[in-house]
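Asker: Dumping the structure here so I can ask a few things about it.
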Amino acid sequence: MIFYINSETITRREHDVDHRIDIVQVINNINENIKYGNSELFLAIFHYQESRIYFDGSGFHKQRGELEFLFWYLNFVLHEGIKGIGYESEDTFKLISVIRSTQIKCGFWYLMCRHIGFDESRYATAVLYENLSDPFSYYTNADVTKMIKNKEELSEYKILFNDVYKNIKVQDISYDLFGK
């Protein structure tokens, strides 16, 4: 999942990514093999399956269901799945950091997808992460989780530009924002 999220949110993914992940197959495998989970994960599975069944004229409902499931699965891994690894290892801390940052990226991709569509939100996420080291550093995982739970429809976000947070409208996120 981490590879999928990070490889799909680069601007040159069609040229630079040699191996693509079939995320539908990954989600189906998780769904078939999951024995334990929390209520959020099972609800995410339900929403994912529902998004695959019902017709949505916009065409983005299926992909939003995938992103929502990915977000909640990473949340489950952070809070439940890593318990047995042991936190004294530096590698474990690095793994947790990668999962958290990827979950935030996925969460904002999902939130933007609800506002500007799947491909546009993938592009906007890619542009931000290509040009800024940590564009969503203003937000914690708890903030993003709350936004998703509350089904917030934000049209702008606080983005970190050169040590200054600026409110940026979602539809304005492009290379033009960076003078390119």
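The values are calculated or read from the model by the stated rules, or taken from the named source; none is laboratory data. All figures in this text were calculated on a predicted structure; none of them were measured in a lab. Heads up: the accessible areas ignore ligands, DNA and RNA and are worked out on the full protein's heavy atoms, side chains in. Shrake-Rupley method; radii C 1.70, N 1.55, O 1.52, S 1.80 Å.
Asker: Please list the helices of the chain that count as membrane-span-like by this rule: a mean Kyte-Doolittle hydropathy of at least -0.5 together with Cα atoms stretching 27 Å or more along the helix axis, each helix being a complete DSSP H run. If you can, show how the numbers build up before the last one.
Answerer: On the way: long enough: 90-116 (39 Å, 0.23).
TM-like helix candidates: 90-116.
Asker: Still on this structure, I have one more. How much accessible surface area, in Å² rounded to 10, belongs to the heavy atoms of Met1 with a 1.4 Å probe?
Answerer: Ignoring ligands and nucleic acids, Met1 comes out at about 40 Å².
Asker: Select one label from (1) 161; (2) 136; (3) 193: the one whose number is volume of the Cα convex hull per residue in Å³ as derived from the coordinates shown.
Answerer: Label of the calculated value: (2).
Asker: Oh, and also: With a 1.4 Å probe and every protein chain left in place, tell me how much accessible area His79 has, in Å² to the nearest 10.
Answerer: 100
Asker: A follow-up question, please. I'd like the distance separating the alpha-carbon centroids of the range 120-134 and the range 156-180, in whole Å.
Answerer: 10
Asker: Can I ask one more? Just by accessible area at a 1.4 angstrom probe, what is the order of Glu32, Glu153 from largest to smallest?
Answerer: Working: Glu32 140, Glu153 110 Å².
Order by accessible area, largest first: Glu32, Glu153.
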